[in-house]
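Structure first, commentary second.
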Amino acid sequence: MLFDTHAHFDDPQFDEDREQVIQSLRDYGVGNVTNIGASMETSRQAVALANQYDFIYATVGVHPGEVDELTEQDMQELKNLVLNNPKVRAIGEIGLDYHYEDADPDEQQFWFRRQLKLAEELSMPVVIHDRDSKGKCIEILEEMDVRNGVMHCFSGSAETARKLVDMGFMISFTGVLTFKNARRAVEACQAVPLERLMVETDCPYMAPEPHRGTRNFSGYVKYVAEKMAEIKGVSYEEIVRITTENAMRFYQIKNV
Ligand SMILES: [Zn+2]
């Protein structure tokens, strides 16, 4: 069974049919999902989903685009969410995102460091979002000696992938791997050892080919796994087995 390591089923795009979509996942060969928190509100929702469905796990954390009103009290709440809910398995998604013009690098870096510290305190792995930070995100991870994490929706070079692997990181790919212009992602995937790879949808975003542009969901994670099998030159079954084992290890989940 597949493990979608990064999904956002709390998203309003699932408001109409969330229950049905989640209940259908086993028919698509999906055994587990991690629902990722990206703000205070979606962190709470991720925990609620994990508590509702036995095969859903959660992370809590605040995405760099959502940090502008964060407080120290929020950090305490994240900590309590972890301590009170055993299905919370990581802190994330956290990181840097300089894509938009209104991004405030200092503020993002402050809350990124603060949440990395929280993860350290709690001995939790981290789910990292890095967009257009031009190396700053990895610089901070190195500076804080973070070794237990995943770089999600990887879009960097093969060289960067190798560097992250050396640091101890997992590398996770989305449907971007299936896009026609994905040469860079394909090269990066080639550079990552099998035991460091994970698959994800980042749904409802990033739908893989042949569904690009539509609402994504965990059922489509098989397209990412198929492409990854082709790139790594192993069977589909082997990629499913390995990426699921990797995800179980990363999120510290026993028995499938
Ligand atoms: Zn995400």
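The values are calculated or read from the model by the stated rules, or taken from the named source; none is laboratory data. All figures in this text were calculated on a predicted structure; none of them were measured in a lab. Glycine gets a Cβ as well: all are built from the backbone with ideal geometry, and neighbour counts include every protein chain shown. In case anyone asks, the SASA skips ligands and DNA or RNA and just uses the protein heavy atoms, side chains included. Shrake-Rupley method; radii C 1.70, N 1.55, O 1.52, S 1.80 Å.
Which one is farthest from the ligand (Cβ to nearest atom), of the residues in region 157-185 that are assigned to a helix (DSSP H, G or I) and among the hydrophobic types (A, V, I, L, M, F, W, C)? Give the derivation first.
First, pick out the residues of region 157-185 that are assigned to a helix (DSSP H, G or I): 158-167, 175-178, 183-185.
Narrowing the set further to residues that are among the hydrophobic types (A, V, I, L, M, F, W, C) leaves 158, 161, 164-165, 167, 176-177, 185.
On the way: Ala158: 23, Ala161: 19, Leu164: 17, Val165: 21, Met167: 21, Val176: 12, Leu177: 16, Ala185: 16 Å.
Selected residue: Ala158.
Assess whether Leu70 counts as being more than 16 Å from the ligand (Cβ to nearest atom), crowded, with 16+ Cβ neighbours inside 10 Å and not in a helix (DSSP H, G or I).
The answer is yes for Leu70.
Is region 76-83 home to any residue that is modelled with pLDDT of 95 or more, within 16 Å of the ligand (Cβ to nearest atom) and either within 17 Å of the chain's Cα centre (by Cα) or not acidic (Asp, Glu) (or both)?
No, there is no match, as no residue in region 76-83 is modelled with pLDDT of 95 or more, within 16 Å of the ligand (Cβ to nearest atom) and either within 17 Å of the chain's Cα centre (by Cα) or not acidic (Asp, Glu) (or both).
Residues of region 39-54 being within 16 Å of the ligand (Cβ to nearest atom), among the polar types (S, T, N, Q) and open to solvent by 40 Å² or more (accessible area, probe 1.4 Å), which ones?
Residue satisfying the conditions is Gln45 alone.
Looking at region 91-109, can you tell me whether even one residue there is at pLDDT 95 or above, assigned to a strand (DSSP E or B) and surrounded by fewer than 22 Cβ atoms within 10 Å (Cβ to Cβ)?
yes
Restricting to region 125-140, what's the tally of residues that are part of a helix (DSSP H, G or I) and either within 15 Å of the ligand (Cβ to nearest atom) or touching an Asp or Glu at 6+ places or on another chain (Cβ under 9 Å) (or both)?
Selection size over region 125-140: 3.
Within region 110-128, how many residues turn out to be open to solvent by 100 Å² or more (accessible area, probe 1.4 Å) and of a type outside the set (D, E, K, R)?
The total comes to 1.
Please pick out the residue among Ala188, Ala247, Ala207 that is open to solvent by less than 20 Å² (accessible area, probe 1.4 Å), closer than 23 Å to Ser123 by Cα and either assigned to a helix (DSSP H, G or I) or out of contact with any strand residue (DSSP E or B) (no Cβ under 8 Å at 6 or more places or on another chain) (or both).
Just a single option satisfies the conditions, and that option is Ala247.
Could you tell me which numbered condition Arg162 fails, if it satisfies all but one of (1) surrounded by fewer than 20 Cβ atoms within 10 Å (Cβ to Cβ); (2) under 16 Å from the mean Cα position of the chain (by Cα)?
(2)
Could you please give the count of residues in region 166-185 that are more than 15 Å from Ala247 (Cβ to Cβ) and either surrounded by 23 or more Cβ atoms within 10 Å (Cβ to Cβ) or among the small types (Gly, Ala, Ser) (or both)?
So the count comes out to 6.
Restricting to region 141-150, name every residue that is outside any helix (DSSP H, G or I) and open to solvent by 10 Å² or more (accessible area, probe 1.4 Å).
Scanning region 141-150 gives Met144, Asp145, Val146, Arg147, Asn148.
Filter region 11-38 for residues that are free of Cβ contacts under 8 Å to residues at least 40 places away in the same chain, more than 11 Å from the ligand (Cβ to nearest atom) and either open to solvent by less than 20 Å² (accessible area, probe 1.4 Å) or within 15 Å of the chain's Cα centre (by Cα) (or both) and give the result.
Ile22
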